[in-house]
Amino acid sequence: MDKVKYWEFINENGEFELEDPQKSSYLYFPIANEAGLMSSITPTLNGDIKSGQNTFLLLPVSAEDLHNTRSSRNFWINIKGYGPWSVSGNSPMQIGYTFRENSPEKVKLEAGFLWHKITRENSDLGIKAEVLNFAPADNHKVELMKVSITNTGEDTKTIVPTAAIPIYGRSADNLRDHRHVTSLLHRIKTTDNGVVVKPTLSFDERGHKINNVIYSVLGVEENGENPIGFFPEVEEFIGEGGNLECPEAVFCNKEPYAKPGDMFEGYEAIGAIRFKEVELLAGETKTFIVMMAINEDGDETENRVLISKYGSLEKIDRALDECKKYWDNKLKRPEFETGDEKFDKWMKWINLQPILRRIYGCSFLPHHDYGRGGRGWRDLWQDCLALLMMEPDEVRKLLYNNYAGVRIDGSNATIIGSKPGEFIADRNNIARIWMDHGAWPFLTTKLYLDLSGDLNFLLEEQEYFKDRLASRCSDFDETWTIEEGNKLKTFEGKTYKGTILEHILIQHLTPFFNVGMHNNIRLEGADWNDGLDMAPERGESVAFTALYGSNLIEFAKILKELKKRYSVNEIELAEEMLLLLDSLSSPINYDSVEDKVNLLNKYFNSCKSKISGRKVNVSIDELINDLERKGNWIINHIRNNEWIKNSEGYEWFNGYYDNSGNRVEGDHPNGTRMNLTSQVFTTMGGTATDEQIEKIIKSANKYLKDDKVGGYRLNTNYHEVKKDLGRLFGFAFGHKENGAMFSHMAVMYGNALYKRGYVEAGYEVINSIYSHCMNFEKSRIYPGIPEYINEKGRGMYHYLTGSASWLLLTVLTEMFGVKGELGDLVLEPKLIDKQFDNEGKASVIALFAERSIRVQYINRIKLNYGQYKIVSVSINGNKVECSICGNKVVIERKVIESLDINKLHNIVVELA
Ligand code: G1P
């Protein structure tokens, strides 16, 4: 086997190239636009194109299909005197080149934001093809493919070009459910440029609907000339006994049998487009343009628009430039400059990922072969973290809308509609609740408040979600009907609204009382780890109890500031909530599980169906006391009861109780059991003392660190299908939620360590992930962070992962320490010596208070973190008077707001 080639960045923009990309399996690249086109493409032009679960233009693919079927995008040339050659390498002869040493065919990938180019050259034949795919930055759901064929030989060549893109044209559900019957719905039309499929119905036995969606594959020559004919049915194109890698129409050089205006009914369709025969002189290049479009409005005129917009060499090149400009502009903030240029460029791909998840949800790339589009509640909030740093303008509205998904029992809607703030009742009434869900909105809202200082946001009023599920999904409200709608009503039938502050309170207070026998918050349907789903009765998540605890303390701090800044002395709350604020009237003993559960049930009974709508004023000081009392109780409880020491003398926090009510972590006959999650939230929020953190680091290094998987595993091997905890124990160890290096949690571990000042250890966590991803031979992924690294070291579920948001957050706000503190700008660098360049500089361009700022740290003698302190700060060359406290400086918001909104401002921070 040849030595594995690594991808290399080729310019400042983070564009990269990779030789022999087809020699790595499972590689895929996203092609998308804001119009909602979602594609995946591989080095052999496999992958799919869709705009949603029910509108796949190309056959839906899972990771295994990337090498099992090679029937995606193809473009053939039949060379006179030689025979057929595929630009994607999908002919029997070319597939055979994969393992041949000294193959006559060389393949190279180049890619950037968001375009993908494959160059395939056959030196024996003297032919080269460049195939470029991208989606224009426009309002069309179309993927464009520019195919340029060059005669690299010395003699003139005669070629017959044929595009061959099978059109699946229906819902992913029909892959197995009536694949054949749904082809009978196909109405296939040929036009001047291509093949257009409009199925008559969208097939669903619960109710067939007239279909309006049009799927098209169009072709045009570089000068705008139309093709000469078509083979629109798969069975005619491949011929009896043929297949898509060896189609009769191409291999027997058949005449196209369809002309513009023909109709075909009831067959599998293909955009097989024949262009006229071409004479290619030595050195000459000829380009063909293929368009793959989905039109959900049934608008037949769109195809003419597409041809007129992109149907020539000049036009497609212009569209590519605009696409590059669009993404460059989107991804330019934050931009990092450290001593490691590769890291800086890699971070650009991290910037892209949260935007990809906004477009694709969690469903539409080859590994993500589950779900039907959209995102879950947790992911919705995670992704907002990054958007706050990249696209802050819209985020206030987004956060506000998202709060409409909260139920009055502290749980939330789980089916999220496509429009902002749209939450849908689960018609199947699946009563599943994730106990961590209430904790994430606060973290995102806190980031928003820190960046903006907009504390008034907390006092805005928002509705609550309502459906049949009640009492944190442990009960049904039999009185509710779907006709009543999804908004919580008062007994008088009015839609109830409460402040955002009230929503956050409810999300924290109901879990606080919802404890299991060890007095930690119950695991319910699962926590962040979706795989911990088999301990709903007696399971407890200490890990997330810790997060709720620290949130309560942090929320109290914000309320103090609210009081100080706006002289708010009283807070208006739903009368029913007084029950949960027990310290205000008759404090209960938090050590008593029974008292907590009784109190919670009282609350649930008071709001199971509707609420009174009566509001009461609560003293903000008393509210703060109540929250602090609860938060501190949690912290002390965990410190005193969940700190464990094993027989080897290592110490860390236990994070879980299983459905048998047993403690999960520590010594076990099958081997030590330790989870990373349990350490992350205890460290991040302050439950762990400094002394404990040092012990946690040692234990994590001993039991969880493994270079094979790029750092810290999510858990040790339990050597058991632990049915009383969750499905994840059914997964092979070292994969996904069972002991992989799961990027999201690992990055949060890094974040927590930075937050608590354990900078070297935090750096180690982030750097181990980065280094592993860069090691292409092991990770086999393009630049970016995957959801996890598997047991063999391969990066899995690339692109669509919440870890990208957390990585961005960690690099910007912890490593570079550029962050907000309730509206003021804080600079608190935690960069280590090797992150500065040769001149001792490191900088980041970011957005703050709508201004673009370039924060440059100067550390001339390259001191390490801990050795340097901030000595001076200047903005655009003028020294700033600000309060420096060791390694931290606070610059008042008004200073930043006084800067010109249209310029980039240089903030220089001298370290010494
Ligand atoms: C995924 C899910 C996330 C969940 C995690 C662990 O992580 O999207 O909600 O918490 O698995 O089960 P991600 O893909 O965001 O890395």
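In segment 736-749, the count of residues that are within 12 Å of the ligand (Cβ to nearest atom), assigned to a loop (DSSP other than H, G, I, E, B), surrounded by fewer than 21 Cβ atoms within 10 Å (Cβ to Cβ) and not aromatic (Phe, Trp, Tyr) is one or more.
This table checks each residue for (1) within 33 Å of the chain's Cα centre (by Cα); (2) modelled with pLDDT of 95 or more; (3) buried (at least 21 other Cβ atoms within 10 Å of the Cβ).
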site: ASP533; (1), (2), (3): yes, yes, no
site: PRO536; (1), (2), (3): yes, yes, no
site: LEU547; (1), (2), (3): yes, yes, yes
site: ASN551; (1), (2), (3): yes, yes, yes
site: LYS564; (1), (2), (3): no, yes, no
site: LEU584; (1), (2), (3): no, yes, no
site: LEU600; (1), (2), (3): no, yes, yes
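Selection over segment 368-389 of residues that are more than 10 Å from the ligand (Cβ to nearest atom) and under 23 Å from PRO60 (Cα atoms) gives a count of 5.
When segment 488-514 is filtered for residues that are within 23 Å of ASP477 (Cα to Cα), out of contact with any Ser or Thr (no Cβ under 8 Å at 6 or more places or on another chain) and open to solvent by 10 Å² or more (accessible area, probe 1.4 Å), the ones remaining, listed by number, are GLU492, GLY493, LYS494, THR495, LYS497, ASN514. Can you spot a residue in segment 339-355 that is under 30 Å from ASN520 (Cα atoms), in contact with a Lys or Arg (Cβ under 9 Å, 6 or more places away or on another chain) and part of a helix (DSSP H, G or I)? No, segment 339-355 contains no residue that is under 30 Å from ASN520 (Cα atoms), in contact with a Lys or Arg (Cβ under 9 Å, 6 or more places away or on another chain) and part of a helix (DSSP H, G or I).
Of all residues in segment 830-844, none satisfies being part of a loop (DSSP other than H, G, I, E, B), open to solvent by 10 Å² or more (accessible area, probe 1.4 Å) and within 16 Å of the ligand (Cβ to nearest atom). What number of residues in segment 434-468 are modelled with pLDDT of 95 or more, more than 16 Å from the ligand (Cβ to nearest atom), in contact with a Phe, Trp or Tyr (Cβ under 9 Å, 6 or more places away or on another chain) and over 24 Å from MET390 (Cβ atoms)? Adding up the residues that qualify gives 6. Residue count for segment 652-709 satisfying the condition of being under 21 Å from ILE769 (Cβ atoms), of a type in the set (Gly, Ala, Ser) and under 27 Å from the mean Cα position of the chain (by Cα): 2. Does any residue of segment 331-343 turn out to be farther than 19 Å from ASP173 by Cα and within 15 Å of the ligand (Cβ to nearest atom)? Among the residues of segment 331-343, not one is farther than 19 Å from ASP173 by Cα and within 15 Å of the ligand (Cβ to nearest atom), which makes the answer no. If only residues of segment 517-531 that are of a type in the set (A, V, I, L, M) and part of a loop (DSSP other than H, G, I, E, B) are counted, the one that is farthest from the ligand (Cβ to nearest atom) is MET517.
Given the residues TYR857, TYR865, which is the only one that is hydroxyl-bearing (Ser, Thr, Tyr) and without any contact (Cβ under 8 Å) to a residue 60 or more places away in the chain?
TYR857
Checking each residue of segment 397-414 against the condition of being open to solvent by 20 Å² or more (accessible area, probe 1.4 Å), outside any helix (DSSP H, G or I) and either more than 16 Å from the ligand (Cβ to nearest atom) or in contact with a Cys (Cβ under 6 Å, 6 or more places away or on another chain) (or both) gives no match.
Need pairs with beta-carbon distance below 8 Å; first residue closer than 17 Å to TYR28 by Cα and of a type in the set (A, V, I, L, M) and within segment 359-377, second open to solvent by less than 20 Å² (accessible area, probe 1.4 Å) and within 11 Å of the ligand (Cβ to nearest atom); sequence gap 6+ or separate chains. What qualifies is LEU365/HIS798; LEU365/TYR799; LEU365/LEU800. Among residues of segment 887-900 that are among the basic types (Lys, Arg), those with a beta-carbon under 6 Å from a residue that is assigned to a strand (DSSP E or B) at least six positions away or on a different chain give the pairs ARG893/ASP824. Within segment 549-567, count every residue that is in contact with a helix residue (DSSP H, G or I) (Cβ under 9 Å, 6 or more places away or on another chain) and either within 16 Å of the ligand (Cβ to nearest atom) or free of Cβ contacts under 8 Å to residues at least 12 places away in the same chain (or both). The total comes to 1. Within the option set LEU800, LEU863, LEU825, being modelled with pLDDT of 95 or more, touching an Asp or Glu at 6+ places or on another chain (Cβ under 7 Å) and either away from the ligand (no atom under 16 Å from the Cβ) or outside any helix (DSSP H, G or I) (or both) holds for one residue only, LEU863.
Counting residues in segment 682-694 that are in contact with a Lys or Arg (Cβ under 7 Å, 6 or more places away or on another chain), within 27 Å of PRO354 (Cβ to Cβ) and within 16 Å of the ligand (Cβ to nearest atom) gives one or more.
Filter segment 191-221 for residues that are over 22 Å from SER171 (Cβ atoms) and open to solvent by less than 50 Å² (accessible area, probe 1.4 Å) and give the result. Those that are over 22 Å from SER171 (Cβ atoms) and open to solvent by less than 50 Å² (accessible area, probe 1.4 Å): THR191, ASN193, GLY194, LEU218, GLY219, VAL220, GLU221.
To keep it simple, each residue is scored yes or no on (1) of a type in the set (Ser, Thr, Tyr); (2) crowded, with 19+ Cβ neighbours inside 10 Å; (3) under 24 Å from THR682 (Cβ atoms).
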site: LEU578; (1), (2), (3): no, no, no
site: GLU594; (1), (2), (3): no, no, no
site: PHE604; (1), (2), (3): no, yes, no
site: ILE611; (1), (2), (3): no, yes, no
site: GLU628; (1), (2), (3): no, no, yes
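Among the residues of segment 771-796, the one identified as in a helix (DSSP H, G or I), within 16 Å of the ligand (Cβ to nearest atom) and hydroxyl-bearing (Ser, Thr, Tyr) is SER779. Taking the listed residues ILE624, ILE634, ILE638, the one that is touching a Gly at 6+ places or on another chain (Cβ under 6 Å), β-branched (Val, Ile, Thr) and surrounded by 15 or more Cβ atoms within 10 Å (Cβ to Cβ) is ILE634, with no other qualifying.
Selection of first residues in segment 756-781 that are closer than 18 Å to GLU17 by Cα and of second residues that are assigned to a helix (DSSP H, G or I) and of a type in the set (S, T, N, Q), restricted to Cβ pairs under 8 Å at least 6 apart or on distinct chains, gives the following pairs, ordered by first then second residue: CYS773/SER779. When you scan segment 444-464, do you find a residue that is more than 31 Å from the chain's Cα centre (by Cα), of a type in the set (Phe, Trp, Tyr) and farther than 26 Å from TRP806 by Cβ, even just one? No, there is no match, as no residue in segment 444-464 is more than 31 Å from the chain's Cα centre (by Cα), of a type in the set (Phe, Trp, Tyr) and farther than 26 Å from TRP806 by Cβ. Residues in segment 708-724 that are within 14 Å of the ligand (Cβ to nearest atom) and within 16 Å of ASP658 (Cβ to Cβ): ASN715 alone. Of all residues in segment 361-379, exactly one satisfies the criterion of being in a helix (DSSP H, G or I) and crowded, with 23+ Cβ neighbours inside 10 Å, namely TRP377. Here GLU760 does not qualify as within 16 Å of the ligand (Cβ to nearest atom), acidic (Asp, Glu), at pLDDT 95 or above and over 28 Å from ALA556 (Cα atoms). Close Cβ contacts (under 8 Å, 6 or more residues apart or on different chains) running from residues in segment 469-480 that are outside any loop (DSSP other than H, G, I, E, B) to residues that are modelled with pLDDT under 95 and aromatic (Phe, Trp, Tyr) comprise LEU469/PHE476; ALA470/PHE476.
The values are calculated or read from the model by the stated rules, or taken from the named source; none is laboratory data. Keep in mind it's a predicted model, so treat the numbers as computed, not measured. A quick note on method: Cβ atoms are made from the backbone with ideal geometry, for glycine too, and the neighbour counts reach across all protein chains shown. Surface areas here come from the heavy atoms of the whole protein model, side chains and all, with no ligands, DNA or RNA. Shrake-Rupley method; radii C 1.70, N 1.55, O 1.52, S 1.80 Å.
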